[in-house]
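One structure is given below, encoded as structure tokens.
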Amino acid sequence: EIVLTQSPDFQSVTPKEKVTITCRASQSIGRSLHWYQQKPDQSPKLLIKYTSQSIPGVPSRFSGSGSGTVFTLTINTLEAEDAAAYYCHQSGSLPFTFGPGTKVDIK
Amino acid sequence: EVQLLESGGGLEQPGGSLRLSCAVSGFTFNDYALNWVRQAPGRGLEWVSSISGGGEDTYYADSVKGRFTISRDNSKNTLYLQMNTLRAEDTALYYCARGVIRGALDYWGQGTLVTVSS
């Protein structure tokens, strides 16, 4: 099973700051890595697919990069509405797995 | 508009069974794989199972293999999860989600809560 780890676990950020979340895979997964945002009491929402592909309707301040075993989600110019948990998800190898999540809080 | 609506959750005793359903609308049902993902209270997301668009291919997490069965009725636009031999650790909010096999999950339902307790 491919284990995904995320760092940091938690980040408290001021609006307009830049946020970078890292997801590391225990084995190479190519570019089969996706990012989701989950706000309290809501379902997860797809932000980025296949490492860096944008999703219609998702603000352009969200971007992704990486390959192999190290991936990053970047939120440029953080807004208050971005307070949420962020999860990475790999679909390159069965069983599919999620990272443990990174909680982003607004100062 | 794509919609996924889960139902069938509830309180069940350890060792019992439940069947979850997910009614889908807004897209051509058999063009997409469907998935179950669960979230234990206060915890992260856990992939449970996936089924291909035609229903011929199914995949399971090790934690549910042999106990849970995913299926779909393409005539009713409905996804199912038959859950047998339930354990306390199966307690979670169960989401159905649309995607492609080995791809991202682009639409999610609101979830149905399963509680396993005596």
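None of the figures in this text is laboratory data; all of them are computed from the coordinates on show. Here the structure is a predicted model, which means the values were calculated and not measured. We place every Cβ from the backbone using ideal geometry, glycine too, and count neighbours over all the protein chains shown.
For the reader, a short list of remarks on this structure follows.
- Using a Förster distance of 25 Å, the FRET efficiency for B:D57-A:T69 (Cβ separation, nearest 0.05): 0.40
- Under conditions of 4 °C and 1.567 mPa s, region A:29-99 yields 104 µm² s⁻¹ as its translational diffusion coefficient, taking Rh as the Kirkwood radius over Cα pairs in the Stokes-Einstein equation.
- The protein assembly as shown - Rg (one decimal) and Dmax (whole number), Cα, Å: 17.2, 51
- If you sort the three axes of the alpha carbon gyration tensor as a ≥ b ≥ c, you get a/c of 1.5 or more for region B:16-70 and a/b above b/c, which makes it prolate.
- Sparse packing (at most 11 other Cβ atoms within 10 Å of the Cβ) combined with a DSSP loop state is found for the following trypsin sites (Lys or Arg not before Pro) in region A:1-100: A:K16, A:K18.
- When the P(r) is computed for region B:42-117, the part past 17 Å accounts for 47% of the Cα-Cα pairs.
- Cut-off 11 Å between beta-carbons: net charge of the residues surrounding B:L93, Lys and Arg +1, Asp and Glu -1: -1
- What the Cβ-Cβ distance of A:T20 and A:L94 gives, at R0 = 35 Å and to the nearest 0.05, is a FRET efficiency of 0.75.
- In region B:41-98, the trypsin sites (Lys or Arg not before Pro) that fall in loop regions by DSSP, at most 14 other Cβ within 10 Å: B:R43, B:K65, B:K76, B:R87
- Its relative contact order, with pairs defined as Cα atoms under 8 Å and 6+ residues apart, puts chain B at 36 percent.
- Too-long pairs where the Cα-Cα distance tops 21 Å, listed order kept, from A:K49/A:K107; A:K45/B:K76; A:K18/A:K39; A:K16/A:K49: A:K49/A:K107; A:K45/B:K76; A:K16/A:K49
- Using a cutoff of 8 angstrom between alpha carbon atoms and counting only pairs six or more residues apart, the relative contact order for region A:19-107 works out to 33 percent.
- The GluC sites (Glu not before Pro) of region B:1-104 that meet both conditions, a loop assignment by DSSP and at most 11 other Cβ atoms within 10 Å of the site Cβ, are B:E1, B:E56.
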